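The values are calculated or read from the model by the stated rules, or taken from the named source; none is laboratory data. Just so it is clear, the structure is predicted and the values come from calculations on it, not from any experiment. Heads up, the Cβs are rebuilt from the backbone with ideal geometry, glycines too, and the neighbour counts pull from every protein chain shown. Remember, those area values only see protein heavy atoms, side chains included, never the ligands or the DNA or RNA. Shrake-Rupley method; radii C 1.70, N 1.55, O 1.52, S 1.80 Å.
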Amino acid sequence: MSNTNTNATDPSGFVSNPPSTIVKVVNTARDDMNGQLGIVTAYNQGRGRYIVHMTATQSTTALKPENLTRGTMMDKVKANYQQIRNDPNLKRQLQQVYSVMDSKIPDPYKPEHVAIGVLLFVIGCVYFIGLTKMISLITLLMLLGIIVAPDLMAAAQSQQPPSLQTMASNFPRRCRETIEQSFPSLAGKVTDNIALGVVLLAIFMVGKGIVSNPAKQARRTMEAANAAAGTSSSSSARMMKQSSDILEQAYKVGFEDGTSGKEFGTSLAQVIANHQDANNDILPPMASSTNSLDFDEGFENYLSSQSRTPKKASFGFGTAMSAFFVIRTGWELGRDPMGGFDVNRMIANGKTMETWKLGMLGFSVYNVLRSFM
């Protein structure tokens, strides 16, 4: 069993709303049951058994907690496929959708032809705009589809074309309903306008990510860096030349002072002062000593003045999606059967997370924190 706690109403932490926990049957006396997959719908506290909807047979059975284990990622894929393939209600709905589409499409075309066209369109979008932007576009379309789905279904049932005016007037309320379905604890706490603002913000961030051109921005950054490097190289070359001139003149005046019997360094201070006045925009400040050409301190100050603070990562669409994933995962781990949130439950369920999901959670947390560093 994947998770054991002291919650009498859900000892294994399998119950969710809506039901979504995939489990595998293990260690029963029936060999035909062992290995079967199902979806936990409830827990019967009086009998001490979970009510499980079996995806292969579409039947319901009651099993003890020790005879169930949380399904792996592959088990979830297999169970969802079985549910889609064997659910009679879903088959009937798909048949109705197919019939409606077939009646709307002019002959000799069929819904299969439309599906192939959509697939080719998706492949073309991936080729031209990239996989990441295509995923963002699909996410945006799915979000809008979920929000307007009730109005589309109502129009289909009435056999009337959907009214854009009705869909627009219901859109704020549909946004609120979608948020409340995703986060039941927010039921009654979010107004239509707030929900609309959240959805519009999500649409704006996704749209900004789609229309942005990272390659163009990177090219501009590279051009600016190359221009800065060229200016810096030119300045460095001029500074080296001027330093060479100073050394040459310093050697010359030193030799002349020595041959004329003057004290060493008598004419050196004037040479340095002349070059600083003439090249103040290039040369770093000289040391105050007149008996040496100490450039170290001035050159370090010069380099320090030219340094730039690295740019901090911005809070963009990717970071927002990572934040949403962290919040949603934390909520799913800590949600109790009554729709509340329990930190201890979140910690206990987090210890039994699948490795891939734990890795995704860690990466998302890092991606969020990186924007504030």
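For Gln45 and Asp342, a Förster radius of 22 Å and the Cβ-Cβ distance give a FRET efficiency of 0.80, rounded to the nearest 0.05. Take Phe204: with every protein chain present and a 1.4 Å probe, its accessible area is about 130 Å². Coupling constants for the range 129-139 follow from the phi torsions by the Karplus curve (6.51 cos²θ - 1.76 cosθ + 1.60, θ = phi - 60°), and in residue order they are 10, x, 5, 4, 5, 5, 4, 4, 5, 5, 4 Hz; glycine and proline get x. Note on Glu332: accessible area is roughly 80 Å² with a 1.4 Å probe, heavy atoms of protein only. Seen through its C-alpha gyration tensor, with square-root eigenvalues sorted a ≥ b ≥ c, the range 81-218 comes out oblate because a/c lies at 1.5 or above while a/b is not bigger than b/c. With protein chains left intact and a 1.4 Å probe, residues in the range 1-87 average 53 Å² of accessible area per residue.
Counting charges near Ser267 (Lys, Arg +1; Asp, Glu -1) among other residues having Cβ under 11 Å from its Cβ returns a value of -1. Here's how it looks for Arg49: its modeled amide H is under 5 Å from those of Asn44, which are all 5 or more places away or on a different chain.
What the phi angles of the range 54-59 give under the Karplus curve with 6.51, -1.76 and 1.60, with θ = phi - 60°, is a coupling list of 7, 6, 7, 9, 6, 9 Hz, glycine and proline written as x. Computed extension length for Thr259-Leu247: 2.5 nm, one decimal, from 0.36 nm per residue of separation with the Cα-Cα distance subtracted. Applying the Karplus relation 6.51 cos²θ - 1.76 cosθ + 1.60 with θ = phi - 60° to the range 97-108 yields 3J(HN,Hα) values of 4, 4, 5, 5, 5, 5, 6, 8, 8, x, 5, x Hz, where x marks Gly and Pro.
Excluding Phe363 itself, calculate the net charge of residues whose Cβ lies under 12 Å from the Cβ of Phe363, where each Lys or Arg counts +1 and each Asp or Glu counts -1. Every neighbour counted, the sum reads +2. Against the criterion of solvent-accessible heavy-atom surface with a 1.4 angstrom probe, Asp31, Asp192 sort, most first, into Asp31, Asp192. The 1.4 Å probe gives accessible areas that order Phe14, Phe325, Phe372, largest first, as Phe372, Phe325, Phe14. Over 26 Å apart at the Cα level, from the set Lys76/Lys351; Lys76/Lys189; Lys110/Lys133; Lys189/Lys351; Lys78/Lys357, are Lys76/Lys189; Lys110/Lys133; Lys189/Lys351.
Accessible area per residue was computed with a 1.4 Å probe on protein heavy atoms; Met73 scores about 90 Å².
Of the residues Thr355, Thr41, the one with the largest accessible area comes first in the ranking Thr355, Thr41, computed with a 1.4 Å probe on protein heavy atoms.
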